[in-house]
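A.B. asks: The structure under discussion is supplied below as structure tokens; questions concerning it will follow.
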Amino acid sequence: MSIVDVEEERVALPPSIRVRLAGPRDCEALTALLDDPAHAREQVLAWLETPGTTLLVAQSELGVLGVAVLLTRIMPKPGGGLHKVVEVDNLVVRADQRRQRIGRRLLAAAVEWSRQRRAAQVEAVVGEGDARRFYESFGFAPTVDRLVLAA
């Protein structure tokens, strides 16, 4: 069963692609998506076992085509109170399946998943370049309220 059945208005994806929650049975396919084979399995297992981390996968008859890694945090609101924030920590599409709107499908599912859980916002931390343009084309906007210190 698909987690989200989001239709893209401009270009519809083949109906055989669906987005669902990932589980332990997806470990090998997810490991194959990552760039660093020496540490990929360890990373995937950590994601699958970490509370507050959710993995959504795009799948077709070809298998797992991509993954979105979502981190959920409870944050203080300016002026008091708390709200839920979901961060798209990682979004990867299989190299031979890129440029087919699978990343957009995963991101749409991630946003819908976040809304269903009443998140106040969805964030993505990206640098300059293609990733930034991708998220901005989806409607993400830069903010200036985040300060970072390397540990």
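The values are calculated or read from the model by the stated rules, or taken from the named source; none is laboratory data. Please read all numbers here as calculations on a predicted model, not as lab measurements. Neighbour counts run over all protein chains shown; Cβ positions are idealised from the backbone, glycine included.
A.B. asks: Only residues in region 82-109 that are of a type in the set (Lys, Arg) count as the first member; pair them with residues that are part of a strand (DSSP E or B) and surrounded by fewer than 22 Cβ atoms within 10 Å (Cβ to Cβ), Cβ under 8 angstrom, at least 6 apart or cross-chain, and list the lot.
C.D. replies: Partner pairs satisfying both residue conditions: 84/72; 84/73; 84/74; 84/75; 94/64.
Table: residues versus (1) modelled with pLDDT under 95; (2) surrounded by 13 or more Cβ atoms within 10 Å (Cβ to Cβ); (3) of a type in the set (Ser, Thr, Tyr); (4) within 26 Å of residue 127 (Cβ to Cβ).
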| residue | (1), (2), (3), (4) |
| --- | --- |
| 3 | yes, yes, no, no |
| 20 | no, yes, no, no |
| 34 | yes, yes, no, yes |
| 53 | no, yes, yes, yes |
| 58 | no, yes, no, yes |
| 71 | no, yes, no, yes |
| 89 | yes, yes, no, yes |
| 99 | yes, no, no, yes |
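A.B. asks: Take the conditions of a type in the set (Phe, Trp, Tyr), assigned to a loop (DSSP other than H, G, I, E, B) and touching a residue at least 12 places away in the same chain (Cβ under 8 Å) and apply them to residue 134. Does it pass?
C.D. replies: In short, no.
A.B. asks: While we're looking at this one, here's another question. Among the residues of region 79-101, write down those that are more than 15 Å from residue 55 (Cα to Cα) and either in contact with a Ser or Thr (Cβ under 6 Å, 6 or more places away or on another chain) or β-branched (Val, Ile, Thr) (or both).
C.D. replies: The one that is more than 15 Å from residue 55 (Cα to Cα) and either in contact with a Ser or Thr (Cβ under 6 Å, 6 or more places away or on another chain) or β-branched (Val, Ile, Thr) (or both): 85.
A.B. asks: With the checklist (1) part of a helix (DSSP H, G or I); (2) touching a strand residue (DSSP E or B) at 6+ places or on another chain (Cβ under 9 Å); (3) aliphatic (A, V, I, L, M) in hand, flag the one item residue 40 doesn't pass.
C.D. replies: Tallying (1) part of a helix (DSSP H, G or I); (2) touching a strand residue (DSSP E or B) at 6+ places or on another chain (Cβ under 9 Å); (3) aliphatic (A, V, I, L, M), residue 40 fails exactly one: (2).
A.B. asks: So, residue 141, is that one outside any helix (DSSP H, G or I), surrounded by fewer than 16 Cβ atoms within 10 Å (Cβ to Cβ) and not charged (D, E, K, R) or not?
C.D. replies: yes
A.B. asks: Any residue that is among the hydrophobic types (A, V, I, L, M, F, W, C), under 14 Å from the mean Cα position of the chain (by Cα) and over 24 Å from residue 52 (Cα atoms) - is there at least one of those in region 122-136?
C.D. replies: So far as region 122-136 goes, yes, one or more of its residues are among the hydrophobic types (A, V, I, L, M, F, W, C), under 14 Å from the mean Cα position of the chain (by Cα) and over 24 Å from residue 52 (Cα atoms).
A.B. asks: Mind listing just one residue for me: the one in region 137-151 that is closer than 11 Å to residue 125 by Cβ and either in contact with a Phe, Trp or Tyr (Cβ under 9 Å, 6 or more places away or on another chain) or among the hydrophobic types (A, V, I, L, M, F, W, C) (or both) and, of those, modelled with the lowest pLDDT?
C.D. replies: Only one residue fits best here, namely 148.
A.B. asks: Ok, one more. Go over the candidates 119, 40, 110, 124 one by one and state the one that is crowded, with 16+ Cβ neighbours inside 10 Å, touching a Lys or Arg at 6+ places or on another chain (Cβ under 6 Å) and small (Gly, Ala, Ser).
C.D. replies: 119
A.B. asks: Quick test for you: out of 106, 91, 65, pick the one residue that is under 23 Å from residue 23 (Cβ atoms) and not in a strand (DSSP E or B).
C.D. replies: 106
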